[in-house]
Each structure stands twice: as C-alpha cells, then as structure tokens.
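Here it is, the structure in full.
Read-outs throughout are calculated quantities, based only on the coordinates presented, and are distinct from any laboratory measurement. Note that the structure is predicted; figures quoted are calculated from it, not measured. When we count neighbours, we look across all protein chains shown, and the Cβ atoms used for this are built from the backbone with ideal geometry, even at glycine.
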Amino acid sequence: MSHVQVFDKPMCCSTGVCGPQVDPVLPRFAADLDWLKSQGHEVERFNLAQQPDAFAKNADVQQLLAAKGVDCLPLVMVDGKPVSEAEYPSREKFAAWTGSVAKTASLPLSSSGGCCGGGCCE
C-alpha cells in the first residue's frame with residue numbers, strides 16, 4: 001500500500017473546514033483522504049501552522065518552499081515523491097498515483113429520452 005503525505009498551507013485547524021468561510025474544496029479533499037485510508041493506504045496530513053517540524057524534516061518540502069514559497073502548498077507526496085503542488089488533487093488522481101480504483105456514482109440513462117418519458121417535456 002502507498003504512503004500519502006499532504007503538506008497544507010497554514011490553517012486554523014487540521015482540516016481547514018472551520019471558520020466563517022470554508023473553501024468548498026476542503027470537505028471533498030478530506031473525504032478523499034478518508035477514502036484513501038479505507039483502501040488501506042497510510043495517510044498523513046500536516047498543517048504548516050500546527051506542525052512546522054514536519055515541513056522542516058522533509059528535504060523535498062524544504063526545497064520546494066525555498067524555491068516557491070508557500071504558494072507551492074498544498075504539496076502531496078506519494079511514497080516519498082512529490083506528485084502535486086499548489087492544488088488539492090481529485091480522488092481520481094489519488095487513485096492513479098496509488099493504484100486504487102476510484103468508483104464514481106452514476107445514474108442509468110433513460111431510453112425514453114426525457115425526465116418522465118411521457119412527452120410532458122415537449
């Protein structure tokens with residue numbers, strides 16, 4: 001199984017889903033990390049405001065921060081290699097990086113060609 005590490009920008013809490021203006025991407029991202037855990041992958045998430053030592057101990061993170069500043073965050077590493085920076089990647093990207101299968105919900109298409117099929121939409 002893969003080891004996924006996320007290095008976040010400074011946030012008020014570990015997930016960033018607190019406060020008056022929550023970035024709508026953060027709840028989805030938190031759910032995607034939970035999904036990775038449910039697939040058996042090890043997931044670690046570090047917040048620059050709360051865990052600066054994790055950033056300081058990782059040479060790749062130090063190099064990117066020195067070159068690009070905090071604009072490179074969030075930084076995602078899989079098995080010790082940087083795979084994404086400056087964005088929260090999708091579940092599909094995580095699936096590709098970890099060899100998992102991301103199942104997406106789908107609805108069956110109606111063969112009647114409309115919402116009710118009885119010609120009511122004409």
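Under a straight-distance cross-link criterion of Cα-Cα below 17 Å, which lysines are reachable from Lys103, leaving out those fewer than 8 residues away in the same chain?
The qualifying lysines are Lys37, Lys93.
Charges at C-beta only: +1 for Lys and Arg, -1 for Asp and Glu. How large is the resulting dipole of the range 3-98 about its Cα centre, in Debye rounded to 20?
20
Summing +1 for each Lys or Arg and -1 for each Asp or Glu, what net charge is found among the other residues whose Cβ lies under 10 Å from the Cβ of Leu36? Could the numbers behind the result be given before it?
Numbers: positive: Lys37, Arg91; negative: Asp32, Asp34, Glu42.
That works out to -1.
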